Amino acid sequence: AQSVAQPEDQVNVAEGNPLTVKCTYSVSGNPYLFWYVQYPNRGLQFLLKYITGDNLVKGSYGFEAEFNKSQTSFHLKKPSALVSDSALYFCAVRDNTGRRALTFGSGTRLQVQP
Amino acid sequence: NAGVMQNPRHLVRRRGQEARLRCSPMKGHSHVYWYRQLPEEGLKFMVYLQKENIIDESGMPKERFSAEFPKEGPSILRIQQVVRGDSAAYFCASSAPGLQETQYFGPGTRLLVL
């Protein structure tokens, strides 16, 4: 069975500082990894994904994530946080066998203070 | 290019009534997925459909829930005889056919059962 852990319910960071939102995963075989962001009463917006290749993945709005196979992690990062980045962030995983269902973490609320 | 469309955005039902949730995938997408999000939780996979076929329904409750994606028209998630525990946000996602394709989410339908 596959699983995702987001160990922090909330991350607080000052505007202009770097941010990291943590994600670790468990999956059989090679993982496909995703980050989504959810604003209040909205659907999920896709940020970035790792399928194969370069371990550092760049996505929308200046976000990036680093795939670390040995630590089974896929942490989301941004060099300089904006107040508008405040939202709920979800990490998701699926395997590469053809089963399409995404398994989501419980989410991390990012609060960026002005 | 319109995104994934869901309607209604909000639905109120009394216990015992039926709820019908509709999802129109993005243009060019032939794969549809339904997920459920309980308050303050991550999304849980329910079902994966292609046109006229249910591919994976491993996340669907065994009773009262059904889904379809007909040859013409939107995908429908149907909940019969709703109970208070069915109150949640139901999200539809769609993707292109390729194995590595991203799932893009709609704005969700928030179901409240009184």
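Among the listed residues B:L114, B:L38, B:L11, B:L21, identify the single one that is open to solvent by 70 Å² or more (accessible area, probe 1.4 Å) and either more than 9 Å from chain A (Cβ to nearest Cβ) or in contact with a helix residue (DSSP H, G or I) (Cβ under 6 Å, 6 or more places away or on another chain) (or both). None of the others qualify; the one that does is B:L114. In the stretch A:44-69, the residues that are within 11 Å of another protein chain (Cβ to nearest Cβ) and of a type in the set (D, E, K, R) form Cβ pairs under 9 Å with partners that are assigned to a loop (DSSP other than H, G, I, E, B) and open to solvent by 40 Å² or more (accessible area, probe 1.4 Å), at six or more places apart or across chains, as follows: A:K49/B:Q100.
Candidates A:S84, A:S106, A:S80: the one that is open to solvent by 10 Å² or more (accessible area, probe 1.4 Å), touching a Pro at 6+ places or on another chain (Cβ under 9 Å) and not in a strand (DSSP E or B) is A:S80.
Can A:R94 be described as at pLDDT below 95, within 12 Å of another protein chain (Cβ to nearest Cβ) and in a strand (DSSP E or B)?
yes
Within the group B:S87, B:S66, B:S75, B:S94, which residue is more than 10 Å from chain A (Cβ to nearest Cβ), closer than 24 Å to A:Y36 by Cβ and surrounded by fewer than 18 Cβ atoms within 10 Å (Cβ to Cβ)?
Just one listed residue meets the conditions, B:S87.
Restricting attention to the stretch A:61-77, report how many residues are open to solvent by 20 Å² or more (accessible area, probe 1.4 Å) and under 26 Å from A:G98 (Cα atoms).
Within the stretch A:61-77, residues that are open to solvent by 20 Å² or more (accessible area, probe 1.4 Å) and under 26 Å from A:G98 (Cα atoms) number 8.
The number of residues in the stretch A:2-29 being assigned to a loop (DSSP other than H, G, I, E, B) and more than 11 Å from chain B (Cβ to nearest Cβ) comes to 11.
The values are calculated or read from the model by the stated rules, or taken from the named source; none is laboratory data. Quick caveat: nothing in here was measured; it's all calculated off a predicted structure. Backbone-built Cβ (ideal geometry, glycine too); neighbour counts: all protein chains shown. Side chains included, ligands, DNA and RNA excluded: accessible areas come from the protein's heavy atoms. Shrake-Rupley method; radii C 1.70, N 1.55, O 1.52, S 1.80 Å.
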